[in-house]
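Okay, structure first, notes after.
The values are calculated or read from the model by the stated rules, or taken from the named source; none is laboratory data. A quick note: this is a predicted structure, and the numbers were derived from the prediction, not measured. These accessible areas exclude ligands, DNA and RNA; they are computed on the full protein's heavy atoms, side chains included. Shrake-Rupley method; radii C 1.70, N 1.55, O 1.52, S 1.80 Å.
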Amino acid sequence: MWTKPVLTSLEQHYRIWRVHQEQPDLNYIQLADAVGVMRAYEDNLETRNKKSAVASRMIKQAKFMIDQAVHGRFPVMNQKQLDAGMGKFPQIPPSGLPDEEASRRAILATIDDMFEDDPAKAAEMKAALFPELYGDK
């Protein structure tokens, strides 16, 4: 693991990324509402602004995580974590794993480890990340 994963955070990033991909016309406030971000807060201008900012940040972080996972670095949410990890794990080449297949195997193994108690969730995440291999055919 590149960093210590917080499963609730990863789950929320996954859900917001998935809704964003399925419904790209939603604005950030609607996206936050669809996923349940800050649902306990009073609905006012300040809350809507915060929801928008949080949803925007989560989308950027989810995209960054996906981009880094391709290189065998997971979970890495931002450049600061990437820079720290590159210093911590200098044996990992900056370009990531030597080939795409090795990278894919590393990602799949990480998903299996994270969701060892929930194989259905693991299968769902694999299908979302690798639809050509695990998605509906």
(request) Please work out the average accessible area per residue across the chain, using the 1.4 Å probe convention, and give it in Å². (result) 63 Å²
(request) Treating the angle as unsigned and between 0 and 90°, give the value, to the nearest 10°, between the Cα long axis of helix 7-22 and the longest Cα principal axis of the chain. (result) 70 degrees
(request) Would you mind telling me which residue in 126, 80, 51 has the biggest mean-square fluctuation in a Gaussian network model of the chain, where springs connect alpha carbons within a distance under 10 angstrom? (result) 80
(request) Have a look at 108, 26, 45 and tell me which one the Gaussian network model of the chain (Cα, springs below 10 Å) gives the largest fluctuation. (result) 45
(request) At a 1.4 Å probe radius, which order do 20, 13 fall into by accessible area, largest first? (result) 20, 13
(request) Rounded to the nearest 10 degrees, what's the angle between the helix 45-69 long axis and the longest principal axis of the chain, both from Cα atoms, 0 to 90? (result) 10 degrees
(message) With n ≥ 4 as the cut-off for DSSP H runs, can you work out [θ] at 222 nm for the chain, using -39500 (n - 2.57) per run divided by the number of residues, rounded to the nearest 500?
(response) -20500 deg cm²/dmol
(request) For the chain, compute the number of Lys pairs whose alpha carbons are separated by less than 24 Å, excluding pairs fewer than 8 positions apart on the same chain. (result) 23
(request) With everything on Cα atoms, drop me the angle between helix 100-114 and the longest principal axis of the chain, reported from 0 to 90° to the nearest 10. (result) 60 degrees
(request) Measure off, as a whole percent, the carbon and sulfur share of the 1.4 Å-probe accessible area of the chain, all protein chains present. (result) 54 percent
